[in-house]
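Undergrad: Below is one structure. I have some questions about it.
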Amino acid sequence: MYSESNTKSRRAPSEVVLLSAGPGDLELLTIKAAKALAAAEILLLDELVNPQIVELAPLARVIRVGKRGGCRSTPQAFICRLMRRYALQGARVVRVKGGDALLFGRAGEEIEFLRQSGIPVRIINGISAGFAAAASLGVSLTHRDHCHGITFVTAHTHDHGEPDWGALAATGTTLAIYMGMNRMASLATSLLAHLPADTPAAIVQSASQPDQAQLLTTLGRLTADAQRTGLGSPGVILVGAALATATLSAAPADAPIRAVTQA
């Protein structure tokens, strides 16, 4: 078991691993991620990561540094200082983030901070919730008969505003919207000003996890159907013509999944 006293004699700073824990199903972790977890001495764990991941890090001291929208969160500056402190002591530090660390996980801020502190950073990629949501629906987000790409977007900007939904609608791509469940009505209204009401849409809550729930609907009914079915965070909203090929039967038959369709 790791203890701080074991690191004080070390002089060379260690690297920090930014590890992508995926959408929740631990079987979706990469082999590289599993190896990094097994060697970890300090595990900084995000809020939405499957808590059972600690079983793969038997040597690690676990420090929970949860960040979740609308809830009390660990300040980002404090997380950065923790990584620097233990890395400078020579401990093997693994910063665990849900989904893919490079997508809406504040990895950019952490990479910049660590590099400025002279600490090397290694990134281990993972499956983002948007891809897990698409897999659960059996849909290609870039089906060439329906679109020419995909756009990943967060529903709120750094200054607590909203993205330019009109510009996003004009791209003709599938929209994978993160952190949008609490802004459903606003974003749907904005998109409806630029897209037809019958544009296919879907929500996948807790993608890949035992409590996963799916909704297939249209942009015009998105808000009403989400409220009717009680879907909430963490959820990914998918909008675009490619969703016309989605099916609620794509998940394994034995998976405990709650599937719903529009009324």
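The values are calculated or read from the model by the stated rules, or taken from the named source; none is laboratory data. Just so it is clear, the model here is predicted, and its values are computed rather than measured. All Cβ positions, even for glycine, are placed from backbone atoms using ideal geometry, and neighbour counts span all protein chains on display.
Undergrad: For segment 55-160, give me every one of the strands (runs of 3 or more DSSP E) that falls completely inside it and has 1 or more residues that are touching a strand residue (DSSP E or B) at 6+ places or on another chain (Cβ under 6 Å) and either over 25 Å from ILE177 (Cβ atoms) or basic (Lys, Arg) (or both).
TA: Working: elements: 61-64, 93-97, 121-124, 150-154.
The strands (runs of 3 or more DSSP E) meeting that bar are 61-64, 93-97, 121-124.
Undergrad: Look through segment 104-117, keep the residues that are of a type in the set (A, V, I, L, M) and modelled with pLDDT of 95 or more, and return whichever of them is nearest to HIS156 (Cα to Cα). Before the answer, list the steps.
TA: Step one: of segment 104-117, the residues of a type in the set (A, V, I, L, M) are 107, 111, 114.
Now drop any that are not modelled with pLDDT of 95 or more, which leaves 111, 114.
Details: ILE111: 22, LEU114: 26 Å.
So, considering only residues that are of a type in the set (A, V, I, L, M) and modelled with pLDDT of 95 or more, the one nearest to HIS156 (Cα to Cα) is ILE111.
Undergrad: Any residue that is out of contact with any Cys (no Cβ under 9 Å at 6 or more places or on another chain), buried (at least 21 other Cβ atoms within 10 Å of the Cβ), modelled with pLDDT of 95 or more and not aliphatic (A, V, I, L, M) - is there at least one of those in segment 131-153?
TA: yes
Undergrad: Answer yes if at least one residue in segment 198-209 is surrounded by fewer than 15 Cβ atoms within 10 Å (Cβ to Cβ) and not charged (D, E, K, R), and no otherwise. Full working, then the answer.
TA: Looking only at segment 198-209, we keep the residues that are surrounded by fewer than 15 Cβ atoms within 10 Å (Cβ to Cβ), and these are 198.
So of that shortlist, the ones also not charged (D, E, K, R) come out as none.
No, every residue in segment 198-209 fails to be surrounded by fewer than 15 Cβ atoms within 10 Å (Cβ to Cβ) and not charged (D, E, K, R).
Undergrad: LEU45 versus (1) surrounded by fewer than 19 Cβ atoms within 10 Å (Cβ to Cβ); (2) more than 15 Å from GLU15 (Cα to Cα): which is the lone unmet condition?
TA: (1)
Conditions (1) of a type in the set (Gly, Ala, Ser); (2) buried (at least 16 other Cβ atoms within 10 Å of the Cβ); (3) closer than 22 Å to GLY22 by Cα, marked per residue:
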| position | (1), (2), (3) |
| --- | --- |
| GLY66 | yes, no, yes |
| VAL93 | no, yes, yes |
| VAL96 | no, yes, yes |
| GLY99 | yes, yes, yes |
| ARG106 | no, no, yes |
| GLU112 | no, no, no |
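Undergrad: Right, something else. Taking the condition at pLDDT below 95 and of a type in the set (A, V, I, L, M), does ALA77 pass?
TA: Details: at pLDDT below 95: yes; of a type in the set (A, V, I, L, M): yes.
For ALA77, the condition - at pLDDT below 95 and of a type in the set (A, V, I, L, M) - is met.
Undergrad: With respect to GLY149, determine if the residue is farther than 18 Å from PRO23 by Cβ and in the same structural domain as LEU191 (by TED's automatic domain parsing).
TA: Values: farther than 18 Å from PRO23 by Cβ: yes; in the same structural domain as LEU191 (by TED's automatic domain parsing): yes.
It is true that GLY149 is farther than 18 Å from PRO23 by Cβ and in the same structural domain as LEU191 (by TED's automatic domain parsing).
Undergrad: Please go through segment 215-247 and pick out each residue that is crowded, with 21+ Cβ neighbours inside 10 Å and farther than 19 Å from ALA155 by Cβ.
TA: Listed by number, the residues that qualify are LEU216, ALA242, ALA246.
Undergrad: Among the residues of segment 160-187, which ones are within 20 Å of SER233 (Cα to Cα) and more than 21 Å from the chain's Cα centre (by Cα)? Talk me through it step by step, then tell me what you get.
TA: First pass over segment 160-187, keeping only residues within 20 Å of SER233 (Cα to Cα): 160-163, 175-187.
Within segment 160-187, ALA185, SER186 meet the criteria.
Undergrad: Quick test for you: out of ALA40, ALA91, ALA34, pick the one residue that is over 30 Å from THR174 (Cα atoms), of a type in the set (A, V, I, L, M) and free of Cβ contacts under 8 Å to residues at least 24 places away in the same chain.
TA: On the way: ALA40 fails: free of Cβ contacts under 8 Å to residues at least 24 places away in the same chain; ALA91 fails: free of Cβ contacts under 8 Å to residues at least 24 places away in the same chain.
Going through ALA40, ALA91, ALA34 in turn, the sole match is ALA34.
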